[in-house]
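Down below is the structure, laid out as structure tokens.
The values are calculated or read from the model by the stated rules, or taken from the named source; none is laboratory data. This structure is a prediction, so every number in the text was calculated from the model and none was measured. Each accessible area value is taken on the protein alone, full model and side chains, heavy atoms only, with ligands, DNA and RNA left out. Shrake-Rupley method; radii C 1.70, N 1.55, O 1.52, S 1.80 Å.
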Amino acid sequence: MIGLLWILGVPVFLVAIAVWDGYVLMHLWEWFAVPVFGLPILKLTQAIGVAMVAGFLTSQFHPVGYETRSDMKQFTDAVWFAVCSPAVALLGGWIVKHWV
């Protein structure tokens, strides 16, 4: 049962994180890149693609002592990072957008 949950849950999680990253990038792009550089607004699908390319080019998750943690702890750390990192960026961008 646990194996089936992993097989079904991991792809759903990866898609959800890709959409979340794209959503955050789409808003940050609209708030900052569009008015400053006159670039076109990104659709969600375009932002997901750009976020995936940026994530591929920049390895972002390397906590200290990661290899010595249990598989479940590694997974929860990765989930926490994948959800919170874009959320913090979105909150920071929103604050800056309303401050400027």
Taking protein heavy atoms only, a 1.4 Å probe, and rounding to whole percent, the accessible area of the chain owed to carbon and sulfur comes out at 77 percent
Under the helix-only model (-39500 (n - 2.57) for each DSSP H run of 4 or more, divided by the residues of the chain), the mean residue ellipticity at 222 nm, to 500 deg cm²/dmol, is -25000 deg cm²/dmol
Quotient of Cα radius of gyration and Kirkwood radius for the chain, i.e. Rg/Rh, equals 1.05
Taking a probe of 1.4 Å and leaving out DNA, RNA and ligands, the chain shows per residue an accessible area in Å² of 74 Å²
Note: Asp71 to Ile2 extended length (0.36 nm per residue) minus current alpha-carbon separation gives 23.5 nm
